[in-house]
Amino acid sequence: MIKHLPNILTLLRLVMTLIFLAMILYSPQIAEQSRWLFLDTAFVIFVVAGLTDIADGKIARKYNVTSKFGRMIDPLADKILVCGAFICFAVIGEPVLFSFSQKILMAIQWSFAGIIVVREIFVTVLRHWCEAKGINFAATASGKVKMALQSFAIGTVMIRMAHVQAAMWGYWFTAITLMLTAVVTVVSGILSVRKTSRTVTS
């Protein structure tokens, strides 16, 4: 059972991710007076999904039960969760920031989602290329910081949507969090390229 537990947790996270994304997309249809509860429930699902990500890695390393399936599906589930969340936010027009016009907000929302998606696709392709060449492409510190910030940004948008829709401090906190996340996302991608190029030329 222990041997298969990491993969079971990974598949569970994938299922919870799909439920979470569906709830984001459906949230505008929920009555305003009960939307906060719906969004809080989605947030809990998101947190639990994140905890399974931590748990499956620890179990796999502790019992030395890593598998090719886990190495492929685990990062894929992470990328579906993160990229899917920001795409879904953009689809429903979130986050709303200050008194920007709808066109400016759409530009911000889709540009941010684009930065996240392009970076993840690029690094995923780079990782597969490295593995095909026998080059080690282990997780980096910048990648872990990036993932933590992206997860924090998702939580920030969810909490703002549910509880601080019109508070000025909520606008500022969300905007700063998104800007910092975008910068770290781009920087981590650049560092991945530099690390790979140094490995290839060494």
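The values are calculated or read from the model by the stated rules, or taken from the named source; none is laboratory data. Remember, predicted model here, so these are calculated numbers, not experimental data. Backbone-built Cβ (ideal geometry, glycine too); neighbour counts: all protein chains shown. Keep in mind that these areas ignore ligands, DNA and RNA; they rest on the heavy atoms of the full protein, side chains included. Shrake-Rupley method; radii C 1.70, N 1.55, O 1.52, S 1.80 Å.
Summed over the range 8-43, residues that are farther than 23 Å from residue 76 by Cβ and of a type in the set (Val, Ile, Thr) total 2. The number of residues in the range 3-26 being touching a helix residue (DSSP H, G or I) at 6+ places or on another chain (Cβ under 6 Å) and not hydrophobic (A, V, I, L, M, F, W, C) comes to 5. In the set (1) at pLDDT below 85; (2) closer than 22 Å to residue 149 by Cα, the condition left unmet by residue 6 is number (2). Please indicate, with yes or no, whether at least one residue in the range 87-94 is modelled with pLDDT under 95, within 11 Å of the chain's Cα centre (by Cα) and at negative phi. So far as the range 87-94 goes, no, none of its residues is modelled with pLDDT under 95, within 11 Å of the chain's Cα centre (by Cα) and at negative phi. So which pairs qualify, if the first residue must be in the range 171-182 and open to solvent by 20 Å² or more (accessible area, probe 1.4 Å), the second must be basic (Lys, Arg) and assigned to a helix (DSSP H, G or I), the Cβ gap must be under 9 Å, and the two must be at least 6 apart or on different chains? Cβ pairs passing all conditions: 171/160; 173/160.
In the range 158-170, the residue that is nearest to the chain's Cα centre (by Cα) out of those that are buried (at least 19 other Cβ atoms within 10 Å of the Cβ) and either of a type outside the set (A, V, I, L, M) or under 29 Å from residue 190 (Cα atoms) (or both) is 158.
Taking the numbered list (1) assigned to a loop (DSSP other than H, G, I, E, B); (2) in contact (Cβ under 8 Å) with a residue 60 or more places away in the chain in turn, residue 100 passes all entries but (2).
Taking the range 109-126 only, how many residues are more than 10 Å from the chain's Cα centre (by Cα) and surrounded by fewer than 19 Cβ atoms within 10 Å (Cβ to Cβ)?
The initial filter retains those residues of the range 109-126 that are more than 10 Å from the chain's Cα centre (by Cα), namely 109-115, 118-119, 121-126.
Adding the requirement that they be surrounded by fewer than 19 Cβ atoms within 10 Å (Cβ to Cβ) leaves 110-111, 114-115, 118, 121-122, 124-126.
Matching residues across the range 109-126 total 10.
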